[in-house]
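Everything below concerns the one structure shown next.
The values are calculated or read from the model by the stated rules, or taken from the named source; none is laboratory data. Because the structure is a prediction, the values reported are computed rather than measured. Heads up, the Cβs are rebuilt from the backbone with ideal geometry, glycines too, and the neighbour counts pull from every protein chain shown. Note: areas computed on protein heavy atoms with side chains; ligands, DNA, RNA excluded. Shrake-Rupley method; radii C 1.70, N 1.55, O 1.52, S 1.80 Å.
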Amino acid sequence: MARLLAADRAGITAAARLLGQGSLVAFGTETVYGLGGRADADATIAAIYAAKSRPAHNPLICHYPDAEAAGRDAVFGPVARALAAAFWPGPLTLVLPRAPGCRIGRRAGPPDTVAVRVPGHAIARAVLAEVALPIAAPSANRSGGISPTTAQHVLAGLGDKIAAVLDCGACPVGIESTVVDLCGPRPALLRPGFVTAADIEAVIGPMGQEDGGRGDGRILRAPGQLARHYAPNARLRLNATGCDANEALLAFGPPPAGAFPVFQLSATGDLAEAAANLFAGLRTLDALVARAGLAGIAAMPIPAQGLGVALNDRLTRAAHPGQPETIRL
Ligand code: AMP
Ligand code: MG
């Protein structure tokens, strides 16, 4: 079973040492818990894919303590520099050309590009500064399932597959980073997140269509291209204005009257509070549905504006029926 490390000096140093040795260590970021491993070591990259059962066509994001460190592995043009200056440290991932001498292993993604981020979480950055290597850190859960926002979520899903978890408390943002691709003729939003399209366009002007004009179609460039992702086991019904007696309610604002279990995302209808609670809410209700033998989860509507775009993106994929899709290369 993985060691649970406290997020103090000793825990940070232990996490950095384990990562440096090539072990897998989960740590909290402001978005979700990441499954960290050396991105410069192909064996560690392979171990990350194996631990998550992640399809090989879904590339990894590499994490750094600051933009200067990221600049060793990725080429920053003026648009990338402007976005990094505006949003780093923070929940924004940039897909950029590989730099000459890039340390990231070939198995982490496509041959010509890398995805890089400087997390907004101070403890995560302290670990990254101490290990001083590019660290790949996809969400610390089995591929396709609900992302973890506490150390306990990580232990429940991957406790037997990793060396340690650094307990950084609950993740304040609660949903994965926004991903922007700067390798096509136009900047393109690959995954909505806490940093909204409007936030980005306020800095760099209008973005292009989803594939940024690259149109290569060779590789999965966004988890958003998987119809089913972030999914509970229970059936999930969206935009529910009522809840049946044999359902559990994922509420956003005042719930309808009735006798059913409720997980409140935000009583006041606050989108940021709802994002921070989303994955814990899905986990809680998923367990409850299984325990009580209910028919499924009913989720109240969330307005698709601002951060609500990302919340609806996650819920739509979580509600998609069937198995996670795979794409053949
Ligand atoms: P995550 O599942 O949070 O680790 O995010 C991985 C996502 O980052 C992928 O599904 C892609 O959307 C994006 N990504 C990572 N690396 C690349 C890359 N080299 N090119 C395009 N997108 C990438
Ligand atoms: Mg994930």
### Message
For a protection proxy built on the mean count of beta-carbon atoms within 10 angstrom, sort 48-56, 89-97, 30-38, 284-292 highest first, please.
### Response
30-38, 89-97, 48-56, 284-292
### Query
Among bridges DSSP assigns within the chain, what percent are antiparallel (round to 5)?
40 percent
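Mean Kyte-Doolittle of at least -0.5 plus a Cα span of 27 Å or more along the axis: flag which DSSP H helices in the chain meet both, please.
Taking the DSSP H segments of the chain (at least 27 Å long, mean hydropathy at least -0.5), we get 271-292.
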### Query
In the chain, what percent of the accessible surface is made up of carbon and sulfur (1.4 Å probe, ligands and nucleic acids excluded)?
55 percent
### Sequence-distant residues sharing a close amide H with T113 (under 5 Å, placed H)
R98
### Task
Please list 234-240, 133-139, 271-277 highest first by mean number of surrounding beta-carbon atoms within 10 Å per residue.
133-139, 271-277, 234-240
### Summary
Rounded to whole Å², per residue accessible area for the chain with a 1.4 Å probe reads 39 Å²
### Message
Along the Cα→Cβ direction, 7 angstrom out, place labels at A99 and R291. What is the inter-label distance in nm?
### Response
4.9 nm
### Built amide H within the under 5 Å cut-off of L166, gap 5+
L5, A26, F27, G28
### Query
When the label point is put 7 Å from the Cα of R81 along its Cα-to-beta-carbon vector, which residues of the stretch 92-129 have a backbone N closer than 11 Å?
none
